[in-house]
Structure formats: structure tokens, C-alpha cells
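Data block below; observations after.
The values are calculated or read from the model by the stated rules, or taken from the named source; none is laboratory data. Given the structure is predicted, the values throughout are model-derived calculations rather than measurements. Cβ: placed from backbone, ideal geometry, glycine included. Neighbour counts: every protein chain shown.
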Amino acid sequence: MKKNLRPSAKTTALVGLLVAPAAMAQQTPASDQAQAPAPTPNTAQAPADPNNTAPATLQTVTVTGTRPSEDFVKPNSSLDRVGDLRDTPQSVTVITKALMQSQGSTSLTSAISKVPGVTIGAAEGGQIGNNINLNGFSARTDLYVDGMRDAAQYYRDTFALEEIEVLMGPSSMLFGRGSTGGVINQVMKKPSLTRKEEYGVSITTNRLIRGTADINIPTSDTSAARVATMFQQGAASTRHQTDVLDFGVAPSYKFGIGTPTEITFYGLLQHNHDQADYGLPPVNFFPARVNRDNAYGFGDDRTEQDILFVGASIRHKFNDQLTLRNQTQLNYVNTNARETAPQAIGTVTGAGGFVAISGPTNLPLSSLYVRQQSHDRNIFQWSLYNQSELTAKFDTGSVKHNLLAGIDLGYESYYNQNYYRNGTCNGVPMNPATGTSGYASCTSLLDPVGTPQNNNVVQQPSNLATAQARAFGAYMNDTITIIPEVKLVGGVRYDVYWSQIGNSINSLNTAGNNSAAYNERTDTYTSVRGGPIFQPDKVQTYYASYSTSFNPSLEQLVGTTGATTQPLPPTTNEAFEIGAKYDFLGGNLQVTGAAFQITQNNARSQNPDGTYSATGQIQVKGIRAGVTGRITDEWQVWAGYTYLDARILNGIAANTSGMVPLNTPRDAAVLWSTYTFAKTYEIGGGVNYIGQRYANNTNTTVVPEFYRFDATAAYKQPTYDVRLNVFNLLNTTNFEQVIPSDGGRAVPGTGLTAMLSYVHHM
């Protein structure tokens with residue numbers, strides 16, 4: 001199916017949000033910070049002449065001021081393999097600590113959900129934690145910490161993060177398997193030689209109390225220790241059943257700061273006691289028109305998570321041209337969940353049980369009930385990764401090279417014991433005597449009962465899923481400067497991914513059952529990236545690139561099998577992108593734009609018997625634009641827009657050819673801006689827009705578009721800050737997350753909420 005990529009009138013209006021700041025920037029005089037520094041005066045004095053009676057001349061004094069707030073813009077990536085963003089032939093969005101504080105973002109989800117092109121899934125079946133889509137493709141296994149894969153399923157906080165980097169487009173050449181739509185890299189806080197103590201406390205109108213601390217202490221002229229901590233308790237949203245009780249600590253120690261050899265040890269210990277939000281079920285192909293705060297679980301549902309990772313990095317700089325780095329990271333996550341989700345809509349008769357309604361209905365909402373299904377499991381995940389990376393700068397004649405070479409090694413294991421709870425509705429059993437569907441109870445659609453479930457409903461074990469995987473990757477990339485204005489980027493990576501899964505059910509590998517008793521597969525793939533970069537001066541960059549990536553069928557360590565219960569070949573992905581990057585006001589304001597196309601081949605296509613075939617094809621064409629930085633020292637802006645023309649070219653399930661992939665809005669935009677008066681008073685705010693999208697690939701359940709307005713105000717002093725954030729200022733109904741199962745569910749975002757924060761600096 002062919003579709004014109006021409007933007008709509010609404011698209012043109014959204015692009016206008018981005019054009020205005022850039023246009024104003026070109027007409028605004030550069031700030032003092034953007035000007036070249038004044039020459040340093042010559043302090044050497046001539047010998048005194050006693051006969052000289054000329055009046056004394058005062059020595060010139062240069063005063064350097066500070067900006068009234070920290071920057072939203074960052075020109076370089078934290079990763080050596082990415083480096084200077086001007087020399088990266090793809091779109092990269094950096095969410096700085098200052099931007100997260102300004103917007104009141106305390107979780108990874110809240111921070112990146114405002115990036116156009118990013119949409120959020122939710123707790124789903126055997127998966128839990130952060131489920132993220134980039135450019136219409138799942139990025140659940142494309143999360144990284146300091147460049148090391150962070151594939152475990154858990155809810156991530158921002159208390160230990162310095163920034164978040166979102167790399168758009170296939171990136172297997174740099175990161176290995178996955179990365180169809182892009183990669184999200186979390187940058188941990190690191191020790192420095194500047195002593196710093198920061199203590200914060202915040203409270204919301206939902207009665208969520210949160211405390212944080214960030215302490216950095218130099219221990220010698222070349223070493224320092226840093227520890228970040230977090231505690232929070234209360235309701236995370238205006239929605240019911242969203243209580244959390246979380247705490248964490250992230251210590252780190254760094255030796256050899258400023259010397260040729262730097263050694264860093266770091267870790268994270270975090271405990272989450274949360275309630276998963278399964279959102280609203282669909283009624284007549286639309287999220288149920290009920291109180292948006294309704295929840296359909298039980299009051300004693302909970303998700304307990306224990307997260308531990310430790311790592312060590314050694315970076316040795318031989319000279320200005322040669323650097324070697326080795327990093328090792330061990331991750332462990334245990335998730336013990338007792339969760340209940342709305343599975344179907346139906347009716348309940350006076351003497352009978354629950355009767356599901358499969359299609360549209362004219363019945364009043366007051367007569368409808370929700371069938372509640374248990375999603376209980378105990379998951380253990382281990383992973384160990386090691387990465388060695390060499391960067392070298394050298395010349396071959398008049399041609400300059402910036403070479404990157406590396407080796408990745410990895411091991412992962414997965415253990416998931418599933419459970420089910422079979423209950424009754426109106427006194428009638430909801431499951432056959434030998435059934436394992438886990439239908440736990442039923443409740444009113446309009447007025448759900450959130451009390452704890454009857455103790456007579458016993459949790460029973462079902463499938464035990466186990467898996468392990470080993471990975472090897474070797475890569476090389478060269479940025480070649482032919483002349484100062486022209487560069488070529490080219491890279492290649494070879495990956496070997498071996499995986500093995502097992503399930504306690506379907507011991508005979510019966511055809512038609514998608515849970516294979518045992519599977520083993522080895523995938524090899526060569527990823528490439530290449531393209532030219534044209535930089536006519538220091539403020540303009542133009543680029544074109546081609547890149548590929550792959551996704552093994554057992555990448556998530558759960559089975560996706562064909563009709564013969566054998567694992568499928570990997571999906572393969574390729575992308576084309578052309579773009580431009582501009583620096584205004586001496587690099588204080590960055591404007592970017594790109595057009596791209598991503599095509600996924602061998603996409604999983606579901607068969608009528610529940611198995612899969614590797615026959616699907618998905619294509620996303622789009623444009624994106626962004627503005628980040630300072631218009632003046634006092635005025636900051638962060639804005640972006642993405643247009644996605646996404647289509648399933650060949651069905652990935654029955655009746656999906658020509659449809660739009662789920663959770664992929666055509667238009668998405670964000671505008672956030674702050675202004676600081678007299679270096680003391682800050683005001684700001686913005687709008688986040690996400691267009692209409694679908695909750696399933698058959699495009700039957702529609703999730704409507706929304707605009708959400710947020711605002712902030714702060715009072716800043718040298719030793720403390722007081723900030724007020726107001727979320728969803730107009731109290732609009734907005735759907736932040738989408739779940740494709742059971743007809744497609746949508747999770748509403750918070751209603752009108754305020755958060756008051758106090759941060760003390762020492």
C-alpha cells in the first residue's frame with residue numbers, strides 16, 4: 001500500500017512550534033557567553049622609573065559570570081563510540097539532568113515519553129518493567145547503562161542518572177542485536193574532583209513523598225567517591241492502585257582522575273514495591289468511557305523487584321591519539337509479581353456466571369462487567385557483559401582517521417515461574433476444573449471493587465520458562481576526514497548470538513502450541529553503517545546514512561516458533577536517513593532535522609493456529625526536527641516534532657496488511673521552555689502532543705490524540721532551590737501507555753497534579 005508522505009495541516013502547525021525559536025535565535029544578538037573571550041591582559045610589569053610622574057594605570061580586570069541555570073543542550077555523547085554529535089550520521093536526543101529537573105521527571109518513562117517518536121507500552125504477559133517503542137518498533141531490549149546492555153525487566157528511576165541519550169534508527173553496528181528503532185542509553189552519575197552535596201525532598205498532591213541525596217567527595221588529588229540515594233512512598237498517579245514504596249542507592253568510586261589511567265567502580269541497588277497499571281479495557285473499539293482513574297485489579301496486587309548491578313571500567317589514554325577502554329558489568333533482577341488485569345468485557349446473569357462480549361454492544365455501561373485475569377510470576381534474570389574498545393586517531397597522507405574498534409562478550413540467563421489464580425464470578429467458577437487461564441474474578445466496569453481477593457482463591461504454578469544466551473560481537477568504525485569540509489563514516493560489525501529456551505508445558509512439542517518444550521538456535525549477522533558528512537563551516541552539518549540491524553527470534557529469551565515449533569530466523573532491518581544539524585549563537589542553540597525510512601523484513605507473522613511465520617514486513621517513513629538550547633542566557637528551549645508514516649506492508653497477523661503498527665502515532669510534538677529572571681526566579685512550561693494511534697495491529701481499537709500542558713516555577717538561591725511543577729495543567733484525559741493484548745488496552749496518564757520540591761546544595 002503506497003501512501004503520500006506529505007504532512008497534513010496539523011503537521012504544518014506543529015512544525016511551526018519549532019521554527020519560531022530558531023527564527024528568533026537568528027535575529028537575537030549572541031549572548032555574552034557566546035562571544036569570544038577578551039584577551040588576557042599582560043600582567044608583566046616594567047621596572048619602576050622614579051622619574052616617571054605619570055599617573056598610575058589601573059590593571060584590567062575580567063569578570064566571568066555564570067548562567068542562571070544549567071544547560072538543556074549537550075554537544076557530545078558520553079560514549080566514545082558515538083562521540084561528537086556533529087559527526088554522528090543519525091538523530092540523537094540528549095535529555096540532561098537540568099531538563100529532567102525542570103520537567104519534574106523522576107522515572108525513565110516520564111523522562112523519555114516526551115521525546116517525539118517514543119511511545120510507551122506497559123506490563124504485558126510475561127514481560128514487565130519499561131516497555132518502550134522507538135519510531136514504531138519495540139525497544140524493550142535496547143536499553144543500556146553507560147553503553148552496556150540493560151535488558152532485564154524492571155522499572156527504572158532517574159535518581160542515579162546524569163542524562164539519557166536517545167539514538168534514533170538502527171544501531172546494531174555500534175550496539176549489536178536489536179536497535180531497530182533506536183537505542184536508549186542511561187548515563188550514570190560519576191565521581192569528580194569537585195566536592196558537592198545535594199539533598200532533595202518533594203511531595204505531590206497525590207501524597208507521594210520522595211527524598212534524594214547526591215554526595216560527591218574527593219578522596220585525593222586524583223580520586224573521588226560519589227553516592228546517590230532515593231526513597232519514595234505514596235501514589236504515583238491520580239489513578240487508583242498506583243501506590244509505590246521504592247528505595248535505591250548508587251555508589252561509585254573513581255581512581256586516577258585526570259591521569260592517563262582512570263578506573264571507575266559503580267553499582268546500583270534498588271528495591272521496588274509497586275502496583276502495575278493495566279489500564280482501561282476497550283468497549284466498542286475505544287478505551288472504556290468510564291472514570292479515567294478506574295483500576296481493575298485488587299488492592300493487594302503488587303510487584304516486588306530487587307535490582308542489583310555492579311560494574312568496573314578501566315580507561316587508559318596512551319596519548320592524544322590512542323585510548324583503550326575495558327568495561328565489565330554484572331546485572332541481577334528478581335521480579336515477584338501478583339497482578340490482575342482486565343481481560344474481557346461481558347455480562348453477569350442473576351444465577352449464572354460471566355458471559356464475554358466479543359464485539360460491539362449497545363448495552364449500557366452500568367450493566368457491563370470486567371473479567372479479571374491473574375498475571376502472576378516470579379522472574380530471575382542474570383547477565384554478564386564485557387566490552388573492550390580502542391579509539392585511535394591517525395593520518396594516512398592528507399587523510400585523517402578516527403578509528404573505533406571493539407569486542408563485546410555477553411551471557412544472559414532467564415527463569416520465569418508462572419502462576420495462575422482460578423476464581424468465581426457470582427459464585428460460578430470461571431475456569432474448567434483443569435483450566436489454567438487464571439480468570440480470578442469479575443467486577444463492575446463503572447464501579448470496580450478494588451478490595452483484596454478472596455483468600456479461598458489459591459495461586460497455582462503453571463509454565464516454568466527457562467533460557468540462556470551467549471553473545472559475541474566484533475566491530476570497527478572509521479570517521480575519515482578527506483578535507484576539513486568532507487567526512488566519510490563507515491563501519492561493520494559481526495555478531496554471533498546463541499540462545500536456548502525451555503518450557504515445562506508442551507513436553508511433546510505439539511504443533512500449534514507456541515510454547516516449545518525446548519529450542520536452541522545460533523544466529524550470525526553482519527551489520528553495517530555508512531555515509532558522507534558535509535560540514536562547510538563550524539555551524540552547519542549535512543549527512544546521509546545507511547544502516548542495518550537484526551533481532552534474533554529468541555532475543556527476549558522467550559520462544560517465538562514456527563509451525564514445526566522451531567525458532568524463526570532473525571528479523572532484519574535497514575534504514576536510510578538524510579539530515580542536517582545547525583549550531584546557532586556560538587553553539588548555545590542547536591537545530592536538527594532529518595528524513596528517514598526504516599524497513600523490517602522477516603517480521604513475525606502470526607498463523608491461525610497461534611504459531612508464527614517469518615513473512616511480515618513493516619515500513620516506517622518519517623521526518624523529525626528539534627530545537628535545543630539557549631536563545632539568551634536566561635531563556636532556554638527544548639522542542640521536537642516527529643511525523644511517522646508507518647505501514648504493515650505484509651501482514652504480521654490475520655487482517656493486518658496495510659494497517660498501521662500499534663502504538664505508532666502519525667504526529668508527535670513537544671515544546672518546553674523556561675525563563676530565569678535576575679538569576680533567581682524561573683518560570684516555564686510546555687505542551688506534549690501525541691496523535692491518534694491504535695492499541696492493536698488490526699486497527700480496531702483507537703486511542704485518541706491528546707495535548708498535555710505542564711508548568712513549572714522555581715526560586716533559586718546559592719544554597720537551595722524551591723520548585724513547583726504542575727502536571728496536566730488543564731486536567732485533560734491523556735493515554736500515556738498502550739497494551740496490545742485482550743483487544744487493546746490503554747493506560748490513562750495522571751490527572752491534574754502538583755509537586756513541590758526543595759533541593760539544598762552544599
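The residues on offer are Val355, Val370, and the sole one that is farther than 25 Å from Asp495 by Cα and modelled with pLDDT of 95 or more is Val370.
Selection of the stretch 189-201 for residues being surrounded by 20 or more Cβ atoms within 10 Å (Cβ to Cβ) and touching a Lys or Arg at 6+ places or on another chain (Cβ under 7 Å) yields only Pro191.
Here Leu752, Leu756, Leu671, Leu730 are screened, and the one residue that is free of Cβ contacts under 8 Å to residues at least 24 places away in the same chain, within 29 Å of Asp71 (Cα to Cα) and aliphatic (A, V, I, L, M) is Leu730.
Residue by residue, here is whether (1) within 26 Å of the chain's Cα centre (by Cα); (2) surrounded by fewer than 17 Cβ atoms within 10 Å (Cβ to Cβ); (3) not polar (S, T, N, Q) holds:
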site	(1), (2), (3)
Gln619	yes, no, no
Trp638	yes, no, yes
Asn650	no, yes, no
Ser673	yes, no, no
Gly684	yes, no, yes
Asn688	yes, no, no
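Within the stretch 720-741, count every residue that is among the hydroxyl-bearing types (Ser, Thr, Tyr) and within 18 Å of Asp293 (Cα to Cα). Of the residues in that region, 2 qualify. Considering the conditions (1) touching a residue at least 40 places away in the same chain (Cβ under 8 Å); (2) out of contact with any strand residue (DSSP E or B) (no Cβ under 7 Å at 6 or more places or on another chain), Ala695 is excluded by exactly one of them, (2). Scanning the stretch 700-723 for residues that are in a loop (DSSP other than H, G, I, E, B), crowded, with 17+ Cβ neighbours inside 10 Å and in contact with a strand residue (DSSP E or B) (Cβ under 6 Å, 6 or more places away or on another chain) yields a single hit, Thr701. Among residues of the stretch 394-406 that are within 11 Å of Thr481 (Cα to Cα), those with a beta-carbon under 8 Å from a residue that is of a type in the set (S, T, N, Q) and assigned to a loop (DSSP other than H, G, I, E, B) at least six positions away or on a different chain give the pairs Phe394/Gln321. Only residues that are in a strand (DSSP E or B) and more than 24 Å from the chain's Cα centre (by Cα): list them for the stretch 307-322, please. Hits for the stretch 307-322 are Ile314, Arg315, His316, Lys317, Phe318, Asn319, Leu322.
Candidates in the stretch 451-472 are the residues that are part of a strand (DSSP E or B) and touching a residue at least 60 places away in the same chain (Cβ under 8 Å); of these, the one that is farthest from Leu554 (Cα to Cα) is Gln459. Of everything listed in (1) surrounded by 19 or more Cβ atoms within 10 Å (Cβ to Cβ); (2) over 30 Å from Thr205 (Cβ atoms), the single unmet condition for Thr328 is (1).
Checking each residue in the stretch 309-325 for being of a type in the set (S, T, N, Q) and surrounded by fewer than 16 Cβ atoms within 10 Å (Cβ to Cβ) picks out Asn319, Gln321.
Only a single criterion out of (1) within 29 Å of Ile314 (Cα to Cα); (2) over 37 Å from the mean Cα position of the chain (by Cα) is not satisfied by Glu412, namely (2). From Ala224, Ala235, grab the single residue that is free of Cβ contacts under 8 Å to residues at least 40 places away in the same chain, buried (at least 20 other Cβ atoms within 10 Å of the Cβ), of a type outside the set (S, T, N, Q) and more than 18 Å from Val759 (Cα to Cα). Checking each option against the conditions leaves just Ala224. Of the residues Asn477, Asn426, the single one that is surrounded by 14 or more Cβ atoms within 10 Å (Cβ to Cβ), within 25 Å of Ala151 (Cα to Cα) and in contact (Cβ under 8 Å) with a residue 24 or more places away in the chain is Asn477. Given the criteria β-branched (Val, Ile, Thr), assigned to a strand (DSSP E or B) and at pLDDT 95 or above, does Val726 qualify? Yes. Considering the conditions (1) in contact (Cβ under 8 Å) with a residue 60 or more places away in the chain; (2) surrounded by fewer than 17 Cβ atoms within 10 Å (Cβ to Cβ); (3) under 35 Å from the mean Cα position of the chain (by Cα); (4) closer than 19 Å to Thr347 by Cβ, Ser366 is excluded by exactly one of them, (3). How many residues does the stretch 385-423 hold that are in contact with a strand residue (DSSP E or B) (Cβ under 6 Å, 6 or more places away or on another chain), buried (at least 19 other Cβ atoms within 10 Å of the Cβ) and not acidic (Asp, Glu)? Going through the stretch 385-423 one residue at a time, the tally reaches 14. For Met168, the conditions (1) in contact with a strand residue (DSSP E or B) (Cβ under 6 Å, 6 or more places away or on another chain); (2) closer than 27 Å to Val722 by Cα; (3) aliphatic (A, V, I, L, M) are fulfilled apart from (2). Considering (1) part of a loop (DSSP other than H, G, I, E, B); (2) on the phi > 0 side of the Ramachandran plot, the lone condition that Pro665 does not fulfil carries the number (2).
Take the conditions surrounded by fewer than 21 Cβ atoms within 10 Å (Cβ to Cβ), in contact with a Ser or Thr (Cβ under 8 Å, 6 or more places away or on another chain) and at pLDDT below 95 and apply them to Asn697. Does it pass? Considered against the rule, which asks whether it is surrounded by fewer than 21 Cβ atoms within 10 Å (Cβ to Cβ), in contact with a Ser or Thr (Cβ under 8 Å, 6 or more places away or on another chain) and at pLDDT below 95, Asn697 comes out as no. Assess whether Ala440 counts as being touching a residue at least 60 places away in the same chain (Cβ under 8 Å), under 30 Å from Thr88 (Cβ atoms) and in a strand (DSSP E or B). Answer is no for this residue.
Against the test of being of a type outside the set (A, V, I, L, M), touching a Gly at 6+ places or on another chain (Cβ under 8 Å) and either buried (at least 18 other Cβ atoms within 10 Å of the Cβ) or not in a strand (DSSP E or B) (or both), the options Gln186, Gln241 yield a single qualifying residue, Gln241.
Table: residues versus (1) in contact with a Pro (Cβ under 9 Å, 6 or more places away or on another chain); (2) closer than 30 Å to Val399 by Cβ; (3) part of a strand (DSSP E or B); (4) modelled with pLDDT of 95 or more.
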| residue | (1), (2), (3), (4) |
| --- | --- |
| Ile501 | yes, no, yes, no |
| Ser507 | no, no, no, no |
| Ala511 | no, no, no, no |
| Asn514 | no, no, no, no |
| Ser527 | yes, yes, yes, no |
| Gly530 | yes, yes, yes, no |
| Phe534 | no, yes, yes, yes |
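The set of residues in the stretch 251-285 being closer than 25 Å to Asn131 by Cα, hydrophobic (A, V, I, L, M, F, W, C), surrounded by fewer than 19 Cβ atoms within 10 Å (Cβ to Cβ) and modelled with pLDDT of 95 or more consists of Leu269 alone.
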